[in-house]
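Notes follow once the structure below has been shown.
The values are calculated or read from the model by the stated rules, or taken from the named source; none is laboratory data. Computed from a predicted structure; not experimentally measured. Cβ: placed from backbone, ideal geometry, glycine included. Neighbour counts: every protein chain shown. With ligands, DNA and RNA removed, areas are computed over all heavy atoms of the protein, side chains included. Shrake-Rupley method; radii C 1.70, N 1.55, O 1.52, S 1.80 Å.
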Amino acid sequence: MNDKFIRYALDNSAIVAMTDSKGTITFVNQKFCEISGYGEKELIGFNHRILRSGIHHKEFFLQMYRTISAGHIWHGEICNRKKDGSLYWVDTTIVPHFAESGTGMVDGYVAIRFDISTRKDLEKELQINISNLELTANTDFLTDLPNRRLFCKHIEELIKQSSKKSETFHIAILDIDMFKEINDSFGHEIGDYLLKIIASRLKSIVSDRVFIARLGGDEFGIILNKKTSIKNLEFCEKILETVREPIKIDSIIRYCSASMGCAIFPQHGQNRPTLLQAADIALYRAKELGRNRFKVFNNQTMDVIKSKSQILSDFNLALKNKEVKFFYQPILYPSSLHNVSFEALVRWDHPTLGLLNPGSFHTVFTDPATCAVFGIYMLESIFEDMSIMLDHGIQFSRVGINLTDADFRSDAFIDLFSRSCVETGIGPERFCVEVTESILLGQEQKRIEQRLRQLHTMGVEIALDDFGTGYASLTHLREFPIDRLKIDQRFVSNIETSTDDQVIVHGIIDIAHGLGKTVTAEGVETIQQAKTLLSMQCDSLQGWLFSKAYPVVNLASVLKKIPDVFNKFDHTSHKKHKNKHKNKNNHDNN
């Protein structure tokens, strides 16, 4: 292969230029002229600086020159300016040419470039979209206040800063008094209107030392970073006074009030969960004393902690007595009704109170030690139940199990999981691990990511539960091995009537599919909700429309009834979803 042919190939694929040691252009090929807009005569003899765009700093070119003048090859991306003033990007390699005299002196350079303008435009557009979505992910849709995710992030940052400077700050949780009664009496639309009014008032008192977010429902989080504790506590009263101002609802003037619980860093906790727990306990005490006030966490609130301690003790005893059971709720894939998964949901068969849902004993899941013990118990129980399912010929794809950060703090959980897969013959591909967005935050993020990747490599599907409820970050979808997003039922419940929820859900599905992930909608209770979700190409559905959660012994009869639910549908949307899924599979196979 001769030099002439190599040059011909290069000229037809790359943008080539040669300069002397001072940067004066001595040669350009046709592609150089085409992309720059300059003719050959306009370039030869002129310095390469005529192409500078002004995008790069002076140091960028100084570093480049140091490299090539020392006889080293430089590679990077450069933005140049065309003759007409427009910009273009090139992937550039500059190769020094050494003088033939043998002195080792550089007497010129050859620059080989490839046009990457289209890629750069796409990257810029993607970055804009990501920035917009990040802003959306940090903002509460209803009130336009920061959401829980940003609130938690702000606390973590303030803890680091205050620890270094030995400073203090207050965290407060605010609840609107009797909000449920307002919702029940006037409807959710008026309830939302009230939340917007309260949020607007709270926004008016935000400053660089006051951070306010909506945490969910009628709950607001407040971070007070004023110079003294007295100033912070005085401001708490100012917040309550702001809420007490009259509000006009349906031509009627109403008066609202709020309750607040406060915790102080570092006296009441040196990390975010402890501080929020202390503020929550103080809030409970404020409500207990009659509402319309704020309370600071103190020793008197320890009664609440003692009550929690009793619940933890009872729950640990329940684990020993095997009173804790698992019920299974089907997850349906409309593209194939025979393809069913389950989510394992915990129930406490209490000896005196009967069957309890997790909401009745949710405090046990705030205790890391109990969570770790429960995680092992859960794993053993679910493997036993899955063996029963298979023995009884129940066909299923996967069983979803909900994990907390406590399950990732040591190797015990994953070691038991691996060992159980071998001993039972139930492979990892039969499992889906569901994690909430909250455990992806904080100091343990890297450790959790590592263990999730370990499970994912084994074949376990990873699902991000309650997606869109406040913690959501698009970076998590890139950095963590997430296969599936589960849309929280709060977005599904009003999807028939709320255009906002429709846009949010449609957006989540589009983003997920664009990233090669699948979507499950939770809390589907009506046929119209299911039809709407199917029209948005939601991959799978879960909710009471199809079945509540049942013990493993009831699953066979539960699965027999599910096709009857789909028979009630207007099959148009179901068939469209099925055909599109089929076409997608054919395309993927091709």
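Of the residues in segment 79-93, not one is surrounded by 12 or more Cβ atoms within 10 Å (Cβ to Cβ), among the polar types (S, T, N, Q) and over 43 Å from the mean Cα position of the chain (by Cα).
The rows are residues; the columns are (1) of a type outside the set (Asp, Glu); (2) open to solvent by less than 50 Å² (accessible area, probe 1.4 Å).
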{"site": "LEU416", "(1), (2)": "yes, yes"}
{"site": "VAL422", "(1), (2)": "yes, no"}
{"site": "GLY425", "(1), (2)": "yes, no"}
{"site": "ARG430", "(1), (2)": "yes, no"}
{"site": "VAL433", "(1), (2)": "yes, yes"}
{"site": "LYS446", "(1), (2)": "yes, no"}
{"site": "GLU449", "(1), (2)": "no, yes"}
{"site": "LEU452", "(1), (2)": "yes, yes"}
{"site": "GLY459", "(1), (2)": "yes, yes"}
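Would you please name the residue that is surrounded by the fewest Cβ atoms within 10 Å (Cβ to Cβ), looking only at residues in segment 473-496 that are assigned to a strand (DSSP E or B) and among the aliphatic types (A, V, I, L, M)? Only one residue tops the list, namely LEU485.
Among the residues making up segment 420-452, a single one is of a type in the set (Lys, Arg) and modelled with pLDDT of 95 or more: ARG430.
For every residue, the table says whether it meets (1) buried (at least 16 other Cβ atoms within 10 Å of the Cβ); (2) more than 28 Å from the chain's Cα centre (by Cα); (3) among the aromatic types (Phe, Trp, Tyr); (4) within 22 Å of ALA199 (Cβ to Cβ).
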| position | (1), (2), (3), (4) |
| --- | --- |
| LYS226 | yes, yes, no, yes |
| ILE230 | no, yes, no, no |
| PHE235 | yes, yes, yes, yes |
| ILE253 | no, yes, no, yes |
| CYS256 | yes, yes, no, yes |
| ILE264 | yes, yes, no, no |
| GLN267 | no, yes, no, no |
| ARG272 | yes, no, no, no |
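Taken together, the criteria exclude GLN310 from residues that are under 30 Å from PHE383 (Cα atoms), out of contact with any helix residue (DSSP H, G or I) (no Cβ under 7 Å at 6 or more places or on another chain), in a strand (DSSP E or B) and among the polar types (S, T, N, Q). The residues of segment 242-251 that are within 23 Å of SER207 (Cβ to Cβ) and surrounded by 12 or more Cβ atoms within 10 Å (Cβ to Cβ), listed by number, are THR242, VAL243, ARG244. Might you let me know whether segment 124-141 holds any residue that is farther than 30 Å from GLY507 by Cα and surrounded by 15 or more Cβ atoms within 10 Å (Cβ to Cβ)? No, segment 124-141 has no match at all.
Within segment 37-60, the set of residues being of a type in the set (S, T, N, Q) and either closer than 16 Å to MET18 by Cβ or touching a Ser or Thr at 6+ places or on another chain (Cβ under 9 Å) (or both) comprises just one member, ASN47. On inspection, GLY516 qualifies as more than 20 Å from GLN329 (Cα to Cα), in a loop (DSSP other than H, G, I, E, B) and either of a type outside the set (Asp, Glu) or touching a strand residue (DSSP E or B) at 6+ places or on another chain (Cβ under 8 Å) (or both). Looking at PHE32, PHE27 in this structure, which one is aromatic (Phe, Trp, Tyr), surrounded by 14 or more Cβ atoms within 10 Å (Cβ to Cβ) and outside any helix (DSSP H, G or I)? On inspection, the qualifying residue turns out to be PHE27. Only one of the numbered conditions (1) in a helix (DSSP H, G or I); (2) modelled with pLDDT of 90 or more is violated by TRP348, and that is (1). For LEU233, indicate whether it is within 18 Å of PHE297 (Cβ to Cβ), touching a Leu at 6+ places or on another chain (Cβ under 9 Å), among the aliphatic types (A, V, I, L, M) and modelled with pLDDT under 90. Yes: the conditions hold for LEU233. Close Cβ contacts (under 8 Å, 6 or more residues apart or on different chains) running from residues in segment 275-293 that are open to solvent by 70 Å² or more (accessible area, probe 1.4 Å) to residues that are of a type in the set (Val, Ile, Thr) and not in a helix (DSSP H, G or I) comprise ASP280/ILE173.
So the check is Cβ under 7 Å with 6+ separation or different chains; which pairs have a first residue in segment 132-161 that's more than 19 Å from LEU440 (Cβ to Cβ) and a second one that's of a type in the set (Asp, Glu) and assigned to a helix (DSSP H, G or I)? Final answer for the pair search is PHE141/ASP500; LEU142/ASP192.
Does any residue of segment 388-399 turn out to be closer than 27 Å to VAL364 by Cβ and open to solvent by 60 Å² or more (accessible area, probe 1.4 Å)? Among the residues of segment 388-399, at least one is closer than 27 Å to VAL364 by Cβ and open to solvent by 60 Å² or more (accessible area, probe 1.4 Å), which makes the answer yes. Applying the criterion of being over 26 Å from PHE546 (Cβ atoms) and among the polar types (S, T, N, Q) to the residues of segment 334-381, the residue that is most open to solvent (accessible area, probe 1.4 Å) is THR352. Pairs linking a residue in segment 168-181 that is at positive phi to a residue that is open to solvent by 20 Å² or more (accessible area, probe 1.4 Å), with Cβ atoms under 9 Å and 6 or more positions apart or on different chains, are MET178/SER257; MET178/ARG291.
Taken over segment 497-536, the criterion of being of a type in the set (S, T, N, Q), within 23 Å of HIS476 (Cα to Cα) and either touching a residue at least 40 places away in the same chain (Cβ under 8 Å) or open to solvent by less than 40 Å² (accessible area, probe 1.4 Å) (or both) is satisfied by THR520 alone. With respect to the conditions (1) open to solvent by 80 Å² or more (accessible area, probe 1.4 Å); (2) assigned to a strand (DSSP E or B); (3) not aromatic (Phe, Trp, Tyr), GLU189 lacks only one, and its number is (2).
The number of residues in segment 399-412 being within 24 Å of the chain's Cα centre (by Cα) and not in a loop (DSSP other than H, G, I, E, B) comes to 8. Hey, GLY108 hits all of (1) in contact with a strand residue (DSSP E or B) (Cβ under 9 Å, 6 or more places away or on another chain); (2) exposed (fewer than 15 other Cβ atoms within 10 Å of the Cβ) but one; which does it fall short on? Only one criterion is unmet by GLY108, namely (2).
Summed over segment 213-258, the residues that are under 24 Å from HIS154 (Cα atoms) and of a type outside the set (A, V, I, L, M) give a count of 20.
Evaluate the following for ASP407: is it of a type in the set (Asp, Glu) and crowded, with 20+ Cβ neighbours inside 10 Å? Yes, satisfied. Being without any contact (Cβ under 8 Å) to a residue 12 or more places away in the chain and closer than 30 Å to GLU34 by Cβ is a description that applies to GLN127.
For segment 31-43, a residue qualifies if it is without any contact (Cβ under 8 Å) to a residue 40 or more places away in the chain and either of a type in the set (Ser, Thr, Tyr) or farther than 19 Å from ASP91 by Cβ (or both), and the qualifying residues are GLY39, GLU40, LYS41, LEU43.
Screening the candidates PHE297, PHE342 for the property of being more than 30 Å from PHE383 (Cβ to Cβ), under 33 Å from the mean Cα position of the chain (by Cα) and among the aromatic types (Phe, Trp, Tyr) yields one hit, PHE297.
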